[in-house]
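All remarks here apply to the structure that follows.
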Amino acid sequence: MKTIDWTRDELVAYILLFAAHSDFKEDNHERNVIISKVDMDTFQEIHDEFDNDNDYQGIQKIMTSLRQHNYDKDDVEVLMADIKTLFFSDGDFNINERNMLRALERLFKTL
C-alpha cells in the first residue's frame, strides 16, 4: 500500500472502530469513546470508509498510516490505552476483545 491520506485523528478513529468490531458489534458505549477522541464529522467519514474495507485492507491501512505518522513506542502506548478504554466501556471485556488486544499489541510491535 502506497500512502494513506489520513490525519492522526482519522487514524485513531479507524483503529478504534477496527477494535470495536472485534466482537462483531459496535455499541453506543464504544461509539461514545471514539467520538470523545475525534469530532463527529471525522467519525462519520472514517466509519463510512471502514464499512467498505475488509479486515486485510483495514490492517494494511492502519500499519501504513502508523508508519507515515511516525508512531513511536510512546504513541503506541497511548493508542493501546485508548483501545483498552474502548474495550472496557461497555463493562464486558470478552474473549474476542482480548484476542484483538493481543493481536494489535503484536502488530504494533512491528513498527
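When the chain is modelled as a GNM with alpha-carbon springs shorter than 10 Å, which of M63, M80, M40 fluctuates the most?
Largest GNM mean-square fluctuation: M40.
Output the relative contact order of segment 8-108, whole-number percent, from Cα pairs under 8 angstrom with separation of 6+ residues.
Once divided by the residue count of segment 8-108, the mean separation gives 43 percent.
Mind checking which lysines have their C-alpha under 28 Å from K25, skipping anything on the same chain fewer than 8 residues away?
Those lysines meeting the cut-off are K37, K61, K84, K109.
What is the dipole size for the chain, taken about its Cα centre, with +1 at each Lys and Arg Cβ and -1 at each Asp and Glu Cβ, in debye to the nearest 20?
The calculation lands at about 600 debye.
List the longest stretch of the chain that has no exposed loop site; here a site is one of the chymotrypsin sites (Phe, Trp or Tyr not before Pro) assigned by DSSP to anything other than H, G, I, E or B, with at most 16 other Cβ within 10 Å.
Value returned for the longest uninterrupted segment is 25-92.
Determine ³J(HN,Hα), in whole Hz, for all residues of segment 99-111 in sequence, where each value follows from phi through the Karplus function 6.51 cos²θ - 1.76 cosθ + 1.60 and θ = phi - 60°; x replaces Gly and Pro.
Coupling constants for segment 99-111: 5, 5, 4, 4, 5, 5, 4, 5, 4, 5, 5, 7, 5 Hz.
In deg cm²/dmol and to the nearest 500, what is the mean residue ellipticity at 222 nm of the chain if only DSSP H runs of at least 4 residues count, each as -39500 (n - 2.57), divided by the residue total?
Here the helix-only value at 222 nm equals -22500 deg cm²/dmol.
Within the chain, what's the longest stretch lacking trypsin sites (Lys or Arg not before Pro) that sit in DSSP loops with no more than 11 other Cβ atoms inside 10 Å?
26-108
For the chain, just say rounded, prolate or oblate: build the C-alpha gyration tensor, square-root its eigenvalues into a ≥ b ≥ c, call rounded for a/c under 1.5, and beyond that prolate if a/b exceeds b/c, oblate if not. Could you put the intermediate results ahead of the total?
Working: a/c = 1.45, a/b = 1.18, b/c = 1.22.
Judged from the Cα gyration tensor, the chain comes out rounded (a/c under 1.5).
Please turn the phi angles of segment 84-95 into ³J(HN,Hα) values with the Karplus equation 6.51 cos²θ - 1.76 cosθ + 1.60 (θ = phi - 60°), one per residue in order, whole Hz, x for glycine and proline.
4, 4, 4, 5, 8, 5, 9, x, 9, 9, 7, 4
Under 10 Å, Cα contacts only: if you run a Gaussian network model on the chain, which one of L86, L16, L101 comes out with the highest mean-square fluctuation?
The residue with the greatest mean-square fluctuation here is L101.
A short reminder: the numbers here are calculations on the coordinates, not readings from a lab. Just so it is clear, the model here is predicted, and its values are computed rather than measured. Positions of Cβ are backbone-derived with ideal geometry, glycine not excepted, and every protein chain shown enters the neighbour counts.
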